[in-house]
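The values are calculated or read from the model by the stated rules, or taken from the named source; none is laboratory data. For clarity, every value in this text was computed on a predicted model and none was experimentally measured. All Cβ positions, even for glycine, are placed from backbone atoms using ideal geometry, and neighbour counts span all protein chains on display. Please note that ligands, DNA and RNA were not included when accessible areas were found on the heavy atoms of the full protein model with its side chains. Shrake-Rupley method; radii C 1.70, N 1.55, O 1.52, S 1.80 Å.
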Amino acid sequence: RTCDQLRCTACDFRVSLFNDYVWDQSCDYLFFRNNMPELSKLRAKMIKKKGARAYACQCSWRSIDELTDLQTDQQLRWVCGKH
């Protein structure tokens, strides 16, 4: 289970999540800074992968394909945005 209301405290942006996708290796900070949250632009660097999930805000992104505790990632500044 994961929170679907994640918010980044670094860029103050809502974290978007995409089921069955991962981010291409070529993704970088400027790509997300310039294209979030426009799905039509983000699709250029999304790769279909069953069972995976791609997360992104304007300053950070992750591709998850196995059970992972995002709270252990010290670089992420994502918190629950409350339900």
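Residues in the stretch 1-34 that are part of a loop (DSSP other than H, G, I, E, B) and under 14 Å from Gly81 (Cα atoms): Thr2, Cys3, Asp4, Gln5, Thr9, Ala10, Cys11, Asp12, Phe13, Val15.
Taken as a whole, the stretch 15-23 holds at least one residue that is surrounded by 11 or more Cβ atoms within 10 Å (Cβ to Cβ) and of a type in the set (Ser, Thr, Tyr).
Out of Thr2, Thr68, Thr72, one residue alone is among the β-branched types (Val, Ile, Thr) and open to solvent by 90 Å² or more (accessible area, probe 1.4 Å). It is Thr72.
Could you say whether any residue in the stretch 35-46 is at pLDDT 95 or above and assigned to a strand (DSSP E or B)? Even if it seems obvious, please write down each step before you answer.
So in the stretch 35-46, the residues at pLDDT 95 or above come out as 35, 40-46.
In the following step, the residues that additionally are assigned to a strand (DSSP E or B) were identified as 46.
Yes: one or more hits.
Of all positions in the stretch 48-66, at least one carries a residue that is among the aromatic types (Phe, Trp, Tyr) and in contact with a Cys (Cβ under 7 Å, 6 or more places away or on another chain).
Taken over the stretch 38-58, residues that are within 18 Å of Leu76 (Cα to Cα) and open to solvent by 80 Å² or more (accessible area, probe 1.4 Å) amount to 0.
Any idea which residue in the stretch 47-83 is nearest to the chain's Cα centre (by Cα), counting only those that are among the charged types (D, E, K, R) and assigned to a strand (DSSP E or B)?
Narrowing the stretch 47-83 to residues among the charged types (D, E, K, R): 48-50, 53, 62, 65-66, 69, 73, 77, 82.
Retained after the next criterion (residues that are assigned to a strand (DSSP E or B)): 48-50, 53, 62.
Working: Lys48: 15, Lys49: 15, Lys50: 16, Arg53: 8, Arg62: 5 Å.
Within the stretch 47-83, the match that is nearest to the chain's Cα centre (by Cα) is Arg62.
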